[in-house]
Each structure stands twice: as C-alpha cells, then as structure tokens.
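A short worksheet on the structure shown next.
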Protein chains: 2
Amino acid sequence: MSENGVSPRAKVLTIDNMNPTVKKVEYAVRGPIVQRALELERELSEGMKKPFVEVIKANIGDAHAMGQQPITFFRQVLALCSYPELLNDSSFPEDAKSRARRILQSCGGNSMGSYSASQGIESVRQDVARYIERRDGGVPCDPDNIFLTTGASDGIVTMLKLLVCGEGETRTGVMISIPQYPLYSAALAELAAVQVNYYLNEEKCWSMDLSELQRSLDEARRHCNPRALCVINPGNPTGQVQSRQCIEDVIRFAAKERLFLMADEVYQDNVYAEGCEFHSFKKVLFNMGPEYSDIVELASFHSTSKCYMGECGFRGGYMEIINLDEEVRAQLTKLVSVRLCPPVPGQALMDLVVNPPQIGEPSYDKFIKERSATLSVLAEKAKLTEQVLNTVKGISCNPVQGAMYSFPSISIPEKAIKEATDKGQQADMFYCMKLLEETGICLVPGSGFGQRDGTYHFRMTILPSTDKLKILLNKVKEFHQKFTEEYS
Amino acid sequence: MSENGVSPRAKVLTIDNMNPTVKKVEYAVRGPIVQRALELERELSEGMKKPFVEVIKANIGDAHAMGQQPITFFRQVLALCSYPELLNDSSFPEDAKSRARRILQSCGGNSMGSYSASQGIESVRQDVARYIERRDGGVPCDPDNIFLTTGASDGIVTMLKLLVCGEGETRTGVMISIPQYPLYSAALAELAAVQVNYYLNEEKCWSMDLSELQRSLDEARRHCNPRALCVINPGNPTGQVQSRQCIEDVIRFAAKERLFLMADEVYQDNVYAEGCEFHSFKKVLFNMGPEYSDIVELASFHSTSKCYMGECGFRGGYMEIINLDEEVRAQLTKLVSVRLCPPVPGQALMDLVVNPPQIGEPSYDKFIKERSATLSVLAEKAKLTEQVLNTVKGISCNPVQGAMYSFPSISIPEKAIKEATDKGQQADMFYCMKLLEETGICLVPGSGFGQRDGTYHFRMTILPSTDKLKILLNKVKEFHQKFTEEYS
Ligand SMILES: Cc1ncc(COP(=O)(O)O)c(C=O)c1O
Ligand SMILES: Cc1ncc(COP(=O)(O)O)c(C=O)c1O
C-alpha cells in the first residue's frame with residue numbers, strides 16, 4: 001500500500017520524530033512520585049490495604065487543595081462579576097459590589113466573557129501600578145509596564161522566549177539558581193537555551209553568593225552567551241528570603257556583567273522569619289539611583305497563586321518590565337496578542353489582590369482577619385517544620401524564612417545509594433518513593449530541583465493543616481530513622 | 001566603565017539580538033487597524049470631531065463585547081462555584097446548584113482556587129467525552145483522550161509544538177488553509193516550522209479542493225517535510241461549512257499522504273445556511289471504518305469562546321487526540337504539566353457547555369430559549385451581511401454558511417493600489433484604514449489572513465447588533481462606491 005516501503009500503520013508522529021526540545025523537558029513536581037500517589041489514593045478508595053489510611057500530599061504549593069480557605073471578599077466579587085444579577089442582592093457588601101462594577105465596566109460589553117486587551121485590562125494594570133508604588137515606598141510604576149499573565153508561569157516563559165537567540169557558542173544562556181523551580185529548566189529546555197546553574201549557599205540559609213555567581217558566569221561564557229539572571233525570592237524550593245544587601249549586590253553584578261534580570265516574586269507576602277523582610281528588586285534597583293535604575297533591565301513576576309490568597313486555579317498574574325527596549329516591547333505586545341488574552345477571571349482576581357478592601361470599607365475587618373489568620377498559620381507551620389525536622393539525626397533543615405517550602409538535606413546511607421543506582425534511580429527519588437509506599441506521604445525528591453552533587457534533599461510544602469503536618473513530620477522522622485537503620 | 005568597549009547604556013536585549021522567530025510572527029487581528037480604532041475611540045471620547053459618532057468594531061470574534069448576552073445558567077453555576085455560600089441561596093435553581101456541587105467536588109479542597117490535574121479535571125473530561133459521543137452519533141470517546149486547554153489557542157499551539165522537528169529540507173511543514181486564522185501562521189513562525197499554504201476555493205464557497213491540496217503538498221515536499229494538515233471548519237475568516245464528502249476526501253488524503261490531521265472546530269454550533277450541517281472530523285473518520293479510524297492521527301479542538309456562548313474571556317477549551325502514539329502522549333502529558341493547569345473557571349464553563357440543562361431540569365426552557373435566540377439572530381445577520389454586500393458593485397461575497405465572519409472580495413482600483421504601494425502598504429490595508437478614518441468602521445484587511453495574489457478582501461464579523469450591522473453594511477457600501485469613484 002505504501003510507496004516508500006514504510007508500513008502504513010507506523011505513526012506519523014512518534015517519539016523519534018517529535019520535537020526534540022520538548023523531549024528534553026523534565027518536570028518533577030508532577031512526576032512519577034505524584035503519579036504513584038494518585039494511584040495509591042485510588043487503591044485506598046477501592047479498599048486495598050496499605051500501611052497508612054490516607055495519602056498526605058506535600059508535593060505542590062496548592063494551598064486550597066490543602067484546605068486553605070479563599071478570602072471571602074475576593075470570591076464575593078468574582079461571583080458578582082460572573083453573575084451580575086447579584087448586584088441587586090442586598091446580602092453582598094457594598095464594597096464588593098463597587099469593585100465588581102468597576103471590573104465589569106472595564107470589560108467589553110460589561111462581561112467577563114469578552115476578550116480583554118492582550119496586555120490585560122487597563123484598569124487592572126492601573127491598580128497593579130498603584131499597588132507596586134505603595135509596596136515599594138513610592139517608587140513610580142507605569143501601568144504601561146504591566147502585562148497581565150496566565151499565572152506567573154506564562155510571564156516567565158514569555159520573557160525567556162524573547163531572550164533566546166544564537167547558535168552553538170553564541171546561544172543564549174540563562175542563569176538560574178540551583179535548587180530551582182523546575183519551570184525554569186523546563187522552559188529553557190523547550191527553548192533550547194543553555195541552562196547556566198549557580199548554586200545557592202545552603203550553609204548560609206540558601207543565600208546568593210557573589211563569588212558563585214561569578215564562577216558560574218565565567219564558566220558559562222566559555223560555551224554560551226549568558227544574557228539573563230533569574231532569581232526567585234522568597235525562594236522555591238528553598239524557602240529563604242534574600243536580604244536587601246544581597247539584592248543590591250545581585251543588581252550590581254547584573255549591571256556590571258550586562259545581564260537581564262528576572263525576579264520571580266510570587267511569594268512576596270510569604271515572609272515569616274523574624275528579621276526577614278521582602279524587598280522587591282524593583283524597589284532596591286530604584287533606591288540605588290539612576291546609575292542603576294536607568295540601565296538595568298528587569299522583569300518581575302507576581303501571581304494570584306501564592307501568598308495569603310493561594311488562588312492557583314484562576315491563573316492570574318502580572319509582570320512588570322523595567323528599561324525594556326522600546327522595539328522589544330513592541331515585539332512583546334505582538335507576541336502576547338497571538339494568545340488573545342489572559343483569563344479575565346484571573347485578571348479580576350489579580351485586581352482584588354492589588355486593591356483589597358480599605359480601612360473604613362465594610363469588608364475591611366473580615367479581610368484583614370482572614371489574611372492574618374492564613375499568614376500566621378503559615379508562619380507557625382514554617383517554624384514547626386524546621387523544628388521537628390532538625391530533631392532528626394541525618395536531616396538538616398534551614399529555617400523556612402518565607403514561601404511555602406522546606407528543603408532539608410538528608411543523609412542517605414551508601415547501601416541505599418547503591419540500591420537506587422542499581423535501579424537506575426536517583427537516591428532521593430528512591431527515598432521519597434519508599435517514604436510514599438510506607439507512609440503515604442508525598443514529597444518531591446531534591447533531584448527534581450537540582451542540588452550539589454553528592455547531596456540529597458526533599459522538598460515538602462508546609463501547607464497541610466497543622467494537625468496533618470504534625471503527623472507528616474513524625475512519620476518522616478520515623479521513616480528516616482528506620483530507613484537509615486535498614487541501609488546501615 | 002565597560003571593559004569591552006560597548007557603551008554601558010546599550011540594552012542587553014535589543015531588537016537585533018532578541019529571538020528571531022518571535023520577530024517573524026505576524027498578527028493582524030490585533031494589528032495597526034485595531035490600534036488606530038482604539039485611538040479614534042479615545043479621540044471621540046475627548047470630544048474631537050470626526051466624520052462619525054462612534055467606532056463600530058467588526059474586527060474580532062468577541063461576542064459579548066458586541067453585546068451578546070451570556071447564558072444565564074452558565075453564569076449562575078460559575079457564581080455558585082466562585083462563592084459556594086450561594087448554594088444556600090434559594091433564588092438559584094436546583095440544577096445550577098447540583099452542577100456547581102459536582103464541579104466543586106472535583107476540585108482539590110472543593111475550591112476553584114486549586115490547581116487541577118494538568119490534563120484537566122477528570123469529571124469535566126468525562127462530560128466532554130459523553131458530549132462528543134452524543135454529537136458524533138455514538139462514536140466512542142475516551143476521557144483519557146481529552147485534554148482541557150486555555151482556550152483552543154493553547155491546544156493548537158501545543159500540538160504544533162509536538163510536531164516540529166528537523167532542519168533545512170527536513171524541517172516540519174504544516175499545511176494551513178489560505179485564508180487562515182492567523183494564530184496558525186504566528187505559531188508556525190514562532191516554532192520556525194515551514195508554513196505550507198493551500199488555497200481554499202473562493203469560487204466554490206471556500207471549499208477545500210483535493211487537487212489544490214495535492215499541489216501544495218507536492219511543492220512543499222521539495223523543500224521541507226510536510227507532516228500535518230490543519231483544517232478550520234466552520235471556517236474563519238471565510239465562514240464556510242465543509243461538506244461531509246469534502247471531509248471524507250480530506251481524511252483519505254491525509255491517510256494516503258501520511259499527514260497528522262488537526263481539525264479546528266471551535267465554531268461547531270455556528271451553522272446557519274440551509275443544507276449545511278456540522279460534521280466533526282472524528283465522526284467522519286470513524287464512519288469510514290477501521291481502515292481509516294485505526295490509523296489516522298487526529299487532534300480536534302473546541303472552545304468556550306464561540307458558538308452560542310461566546311465566553312472568550314474565560315479561556316476554556318479542550319482537544320481530543322485520536323491515535324496519538326503512546327510515547328508521544330506521555331510527552332504531551334509532561335509538556336502540559338509545566339504550565340500547571342488550564343484556568344479552572346474556564347474548565348467549569350467547558351463542563352457546562354458540554355453538559356447543559358437537560359429536559360425536565362428547571363433551567364432547561366430558559367437555556368433553550370437563550371441559545372436559540374442567539375443562534376437565530378446570528379443566522380439572520382449572516383444572511384443580511386451576504387445580501388447587502390452583494391448589492392455593492394465591486395464587492396462579492398460568499399454565503400456566510402457558518403462561523404461568524406464574512407470575507408468578501410473587493411475590487412480595488414489600480415490607482416489606489418499604486419498609492420498603497422507607494423506608502424508601503426498592502427492595498428486592502430490602505431482600504432480598511434481609509435474606511436476606518438472616514439466611517440469609524442473597523443475591519444481587518446484580507447492580507448492579514450492570506451489571499452491569492454492580486455485579490456483583495458476584508459474580514460468582518462457579523463457580531464454587531466442587527467441595527468448596528470445595518471448601519472455598518474450601508475456605510476461600507478457608500479464608502480466602497482466613493483472609494484471606487486475617487487480612484488477611478
Ligand atoms: C517560584 C515560582 N514561580 C512561579 C510559579 C508559577 O505559579 P503560577 O503560574 O501558578 O502563577 C510558582 C508556582 O509554584 C513558583 O513556585
Ligand atoms: C478558528 C479559530 N480557532 C481558534 C480560535 C481561538 O479561540 P480561543 O483561544 O479563544 O478558544 C479562534 C478565535 O477566534 C478561531 O477563530
């Protein structure tokens with residue numbers, strides 16, 4: 001039947017002739033451990049006997065899934081925007097109604113069902129700009145520099161996409177922290193950009209180290225063209241909060257080395273540790289004066305998914321671009337227009353995050369109460385996690401200063417490493433898989449985020465309820481002791 | 001200050017060193033005409049005098065923005081899902097509540113604020129599968145073959161991404177109709193795939209022509225590796241509905257030539273002309289028997305943005321994949337997991353579209369009434385558009401059988417073509433820009449979609465209200481007559 005001798009039943013699209021850059025993508029947060037966790041849940045629900053009664057997932061920063069409650073005001077406004085008939089319902093507070101009216105007035109045909117401008121709804125961008133000005137102590141922000149996005153993920157990938165060019169030794173390199181949030185490595189693989197690793201300093205609470213940045217950059221320059229430096233602050237998976245001094249140093253480094261800065265600040269409200277404070281790259285940059293603020297190119301990212309709201313499913317986010325070349329900006333505008341627009345409910349939610357109830361408005365007290373409750377429980381759990389893990393011999397854990405994760409180092413006995421290697425597994429994957437099978441606890445192995453050779457870690461979120469978190473931590477403790485004995 | 005002699009103020013990222021494939025992207029639907037239309041609106045609102053009192057936008061398939069009303073039931077359920085307190089509100093119908101409960105039960109922590117599975121919420125995928133089975137007269141559909149997406153755009157780009165490989169003469173080519181929806185050319189440019197044009201037959205109401213497909217393929221094979229064939233049915237920008245026979249022919253062609261089929265069926269409910277009917281590629285494929293249905297690889301796409309619901313802002317959609325290689329499927333699953341998940345409100349909406357109120361449920365009558373009203377007004381406007389445009393000497397318009405667009409050919413006098421060329425403009429861009437400046441009507445030039453050399457068109461949506469559409473059509477008529485005189 002076929003003229004060229006190929007069997008007509010062979011697929012057109014196969015693993016061998018598909019996009020090779022897609023094949024190179026790795027993504028651990030939803031990898032084999034999570035697949036197995038879902039299977040175990042199914043097996044449990046079908047009545048299969050396991051050494052545990054439930055699967056506890058601490059693998060992903062998905063707050064509502066772990067029981068965190070949404071902010072009432074936000075959801076009221078979203079309901080009003082979805083079904084504007086409710087504007088006549090007297091049980092909704094007036095401030096929620098006026099927010100909803102303002103959002104709807106900015107939508108074509110007063111409907112969230114219209115495409116918005118591709119850069120995002122103008123009034124939302126204005127509110128974002130005012131929020132940034134307040135956050136940064138008055139440093140001005142131009143709404144034209146704000147692009148609303150489909151979660152922070154979208155903005156990050158879009159900016160990386162703009163940056164990539166060249167071939168071979170001139171191919172764009174992008175510096176990312178190790179450990180990293182695997183969106184970065186995945187996006188770079190897909191774009192066939194060169195991933196340039198710089199290691200965070202575990203001994204100094206995962207801080208950034210100038211000499212390590214320099215080493216990484218100098219080495220990369222031998223084989224690619226490093227053009228951008230990504231920073232996640234507060235950190236995922238490492239939970240650190242960078243000091244103002246460190247951010248200044250990084251900005252100076254970027255200016256000196258001519259690197260485009262990308263600041264992933266999705267955890268900007270998640271700061272727990274005493275003495276720690278969130279400083280945005282934008283603020284620090286502008287406080288360093290025009291010598292820096294006139295030249296350093298910066299894109300920073302925020303999201304509705306984290307902080308106290310944890311609204312991941314709405315896929316809201318924004319990026320702010322500073323000092324972007326005007327012609328490149330025009331290209332960015334064109335690029336985002338191909339996908340039409342970010343989801344409008346996510347844009348509406350972003351608007352509420354940057355423009356929450358104000359003192360004197362009817363919803364203010366409740367909003368503050370809900371927000372504080374969520375953040376203080378997170379702070380409590382951050383502390384608890386650090387404390388309990390550090391009581392375990394063979395586990396060593398930096399303070400969880402911010403974000404939603406602990407990334408302790410774990411010592412794995414040689415015998416276990418060997419068994420893992422024989423199975424073709426990373427030792428920490430082997431460890432986490434065993435932990436899951438024996439205890440029902442789902443964590444992500446450190447190898448999914450990157451770590452110094454010969455060290456092992458896992459990432460756990462602090463999102464389970466305090467009760468479950470206690471169970472989880474104790475089970476991890478027991479497991480680690482048993483595991484260590486078994487393989488010693 | 002700089003060691004290498006480059007001025008320290010030169011940007012890191014410039015138009016000369018940015019991603020070259022992004023630069024190649026073109027996107028007309030939101031291009032210069034639309035920019036100018038927005039400016040004109042601003043100028044009007046600031047009191048500037050214009051030869052018109054309002055800008056009428058017929059450039060984009062954005063139904064709600066043009067006044068189409070959302071389906072009440074859909075918005076009720078979305079409000080309930082956003083703010084579940086409303087489940088206690090007796091003014092909401094019971095069927096809306098039970099839908100909302102079902103959706104929420106499928107969300108982590110019963111909240112739309114949780115990330116869903118990356119492939120989409122399982123119960124929604126099940127509902128999609130059942131919808132497809134009903135739509136296709138019982139042809140089976142496996143929920144595992146359904147991937148929920150961020151609008152159809154996302155699914156289309158994702159599938160194209162998988163398909164691209166090779167360099168130079170072995171680079172993947174993708175066949176797209178001309179005229180096309182510019183997402184396709186934009187995505188192919190960005191992926192550096194080869195765009196392989198096949199022309200629709202304007203004389204035969206924009207149908208697909210087998211000999212033209214063959215010509216296009218044979219020519220492309222000389223310089224690239226054509227691997228996929230994209231079809232938009234009902235058509236954008238051309239408004240045709242392909243016959244069942246034509247679809248069969250195309251499937252046979254794809255099977256014979258070993259092409260991966262992509263069927264963009266976002267307008268599947270938008271069929272107006274007598275004797276026309278929507279046939280999904282999936283159904284036709286399976287009706288052709290296992291000789292075809294066992295081998296032809298097909299991805300088809302749907303969206304919440306079009307049809308009778310027109311919910312563009314929610315960015316809901318799905319794709320169904322048929323006969324995809326298992327290893328490639330695993331790669332697809334990995335790829336979509338990097339972006340975490342499609343927006344959950346969009347998934348919820350997609351669920352409602354595929355599982356609307358049923359006979360006997362309290363919301364059924366109202367739903368049917370609203371849906372029929374919207375579709376019959378669209379049908380009326382489709383007819384009106386064709387009729388009026390065909391009264392204009394120099395404009396020739398195929399019947400608007402489906403979708404939401406008319407794509408008439410317009411004759412442009414030589415003198416106007418010359419003036420446009422002197423300005424470095426396409427003649428139909430020149431025409432549409434002039435139309436906009438003189439009448440406030442915003443259309444998109446045919447050159448933004450592609451057309452046979454030497455022919456000119458514009459695309460207009462049929463979405464303005466009947467009253468406005470009449471004004472618009474009459475203004476276009478007057479303008480065309482004046483323009484033709486002026487340049488003759
Ligand atoms: C550091 C970091 N950046 C970006 C994201 C992406 O979040 P989203 O796309 O939901 O906004 C995440 C999500 O966990 C994250 O941890
Ligand atoms: C043919 C076609 N495909 C896909 C899309 C994308 O729609 P969305 O991403 O809003 O689902 C459109 C939008 O106009 C379209 O006309």
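The values are calculated or read from the model by the stated rules, or taken from the named source; none is laboratory data. Note that this is a predicted model, so its numbers are computed, not measured. Glycine also receives a Cβ, built like all others from the backbone with ideal geometry; neighbour counts cover every protein chain displayed. Accessible surface is based on the protein model in full, side chains and every heavy atom, while ligands, DNA and RNA are left aside. Shrake-Rupley method; radii C 1.70, N 1.55, O 1.52, S 1.80 Å.
Given a 1.4 Å probe and heavy atoms of the protein chains only, how would you sort A:Lys369, B:Lys23, B:Lys50, largest accessible area at the top? Please report the intermediate quantities before stating the final value.
Numbers: A:Lys369 155, B:Lys23 70, B:Lys50 50 Å².
Descending accessible area places them as A:Lys369, B:Lys23, B:Lys50.
Along Cα-to-Cβ, 7 Å out, sits the label point; list in nm, shortest first, how far the one on B:Leu210 is from those in the other copies.
7.3
First select every other residue whose beta carbon is under 11 angstrom from the beta carbon of B:Thr455; then total the charges, Lys and Arg +1, Asp and Glu -1.
Taking every Cβ under 11 Å from that of B:Thr455, the sum is -2.
If you project the alpha carbons of region B:295-430 onto the principal axes, what extent comes out on each, in Å, largest first?
56, 44, 32
From largest accessible area down, sort A:Lys477, A:Lys49; use a 1.4 Å probe on the protein chains. Working shown, then result.
Numbers: A:Lys477 55, A:Lys49 190 Å².
Sorted by accessible area, descending: A:Lys49, A:Lys477.
With runs of 4+ DSSP H residues as the only contributors, calculate the mean residue ellipticity of chain B at 222 nm using -39,500 (n - 2.57) per run, divided by the residue total and rounded to the nearest 500. Display every interim value, and only then the final one.
Working: 17 runs with 208 residues, N = 488.
Only helices count here, giving -13500 deg cm²/dmol.
How large is ³J(HN,Hα), in whole Hz, for each residue of region B:270-279 in order, when computed from phi with the Karplus curve 6.51 cos²θ - 1.76 cosθ + 1.60 and θ = phi - 60°, using x for Gly and Pro?
Per-residue couplings from phi come out as 9, 10, 10, 6, 4, x, 9, 8, 7, 10 Hz.
For A:Thr158, what accessible surface area do you get with a 1.4 Å probe? Give it in Å², rounded to 10.
10
Summarise the accessible area of region A:115-354 (1.4 Å probe, protein heavy atoms) by the percent that is carbon and sulfur.
46
How much space per residue, in cubic angstrom, does the convex hull of the C-alpha atoms of region B:226-327 take up?
Numbers: hull volume 11.5 nm³, N = 102.
For region B:226-327, the hull spanned by Cα atoms encloses 112 Å³ per residue.
What is the Cα convex hull volume of region A:82-175 when expressed per residue in Å³? Numbers along the way, then the final one.
Numbers: hull volume 14.4 nm³, N = 94.
Expressed per residue, the convex hull around the Cα atoms of region A:82-175 is 154 Å³.
List the distances, in nm and shortest first, from the label point of B:Arg329 to the matching label points in every other copy, placing each point 7 Å from Cα along the Cα-to-Cβ direction.
Nearest to farthest, the other copies are at 4.7 nm.
Pop the C-beta distance of B:Glu326 and A:Glu133 into the FRET formula with R0 = 51 Å and round what comes out to the nearest 0.05.
Once the sixth-power term is evaluated, E becomes 0.45.
Using a 1.4 Å probe and ignoring any ligands, DNA or RNA, find the accessible area of A:Lys418 and quote it in Å² to the nearest 10.
It works out to around 120 Å².
Given H placed on each backbone N at 1.01 Å, which residues far from B:Thr150 in sequence or on other chains put an amide H within less than 5 Å of it?
B:Gly155
For B:Tyr272, which sequence-distant residues (separation of 5 or more, or a different chain) have an amide H within less than 5 Å of its own amide H, given hydrogens modelled in the peptide plane?
B:Gly402
What Rg and what Dmax come out for chain B when only alpha-carbon atoms are used, in angstroms?
My reading of the Cα-based Rg and Dmax gives 23.7, 78 Å.
In the structure shown, do any of B:Lys24/B:Lys415; B:Lys24/B:Lys475; B:Lys97/B:Lys468; B:Lys24/B:Lys283; A:Lys57/A:Lys393 have a Cα-Cα gap over 28 Å, and if so which?
B:Lys24/B:Lys415; B:Lys24/B:Lys475; B:Lys97/B:Lys468; B:Lys24/B:Lys283
In nm, to one decimal, how far is the A:Arg101 label point from the A:Glu85 one, both placed 7 Å along Cα→Cβ?
2.1
Which distances in nm, rounded to one decimal and ordered from shortest, link the label point of A:Ser465 to the equivalent label points in the other identical copies, with labels set 7 Å from Cα toward Cβ?
5.2
Calculate the radius of gyration of the Cα atoms of region A:391-488 to one decimal place, then report Dmax, the largest Cα-Cα distance, as a whole number, both in Å.
Cα radius of gyration and Dmax of region A:391-488 are 12.9, 38 Å respectively.
Each residue of region A:165-177 in turn: what ³J(HN,Hα) in whole Hz from Karplus with 6.51, -1.76, 1.60 and θ = phi - 60°, glycine and Pro shown as x?
Ordered by residue, 3J(HN,Hα) equals 7, x, 10, x, 6, 9, 4, 4, x, 10, 7, 10, 5 Hz.
Quick one: Karplus J couplings for region A:374-388, per residue in order, coefficients 6.51, -1.76, 1.60, θ = phi - 60°, nearest Hz, x for Gly and Pro?
Karplus values, whole Hz, x for Gly and Pro: 4, 5, 6, 5, 4, 4, 4, 5, 4, 5, 4, 4, 4, 4, 5.
Exposed loop GluC sites (Glu not before Pro) only (DSSP loop, at most 15 other Cβ atoms within 10 Å): please give the longest stretch of chain B free of them, not including the sites.
My reading of the result: B:278-488 is the longest stretch.
Report, to one decimal in Å, the Kirkwood hydrodynamic radius for region A:115-354 based on all distinct Cα pairs. Let's see the in-between values first.
Details: mean 1/r = 0.0558 Å⁻¹.
Kirkwood hydrodynamic radius for region A:115-354: 17.9 Å.
With r defined as the distance between the Cβ atoms of B:Lys415 and B:Leu375 and R0 fixed at 30 Å, what FRET efficiency is calculated, to the nearest 0.05?
0.10
Just to make sure I understand: if all protein chains stay in place, what is the order of B:Arg134, B:Arg171 by accessible area at 1.4 Å, largest first? Display every interim value, and only then the final one.
Details: B:Arg134 140, B:Arg171 40 Å².
In descending accessible area the options line up as B:Arg134, B:Arg171.
Quick one: which residues, 5 or more positions from A:Leu229 or on another chain, have an amide H under 5 Å from its amide H? H modelled 1.01 Å from N in the peptide plane, none for Pro or chain starts.
For A:Leu229, the qualifying residues are A:Met175, A:Phe260, A:Leu261, A:Met262.
Which of the aspartates and glutamates could a cross-linker bridge to B:Lys482, judged by Cα under 18 Å and excluding same-chain residues fewer than eight apart?
Excluding near neighbours in sequence, the set is B:Glu414, B:Glu419, B:Asp428, B:Glu437, B:Glu438.
How long are the three semi-axes of the equivalent ellipsoid of the protein assembly as shown, in whole Å, if each is the root of 5 times an eigenvalue of the C-alpha gyration tensor, listed from largest down? Can you show the working numbers first?
On the way: eigenvalues 411, 198, 191 Å².
Equivalent ellipsoid semi-axes, largest first: 45, 32, 31 Å.
Report the A-B buried area as the accessible area lost on both sides summed, probe 1.4 Å, in Å² to the nearest 100.
8000
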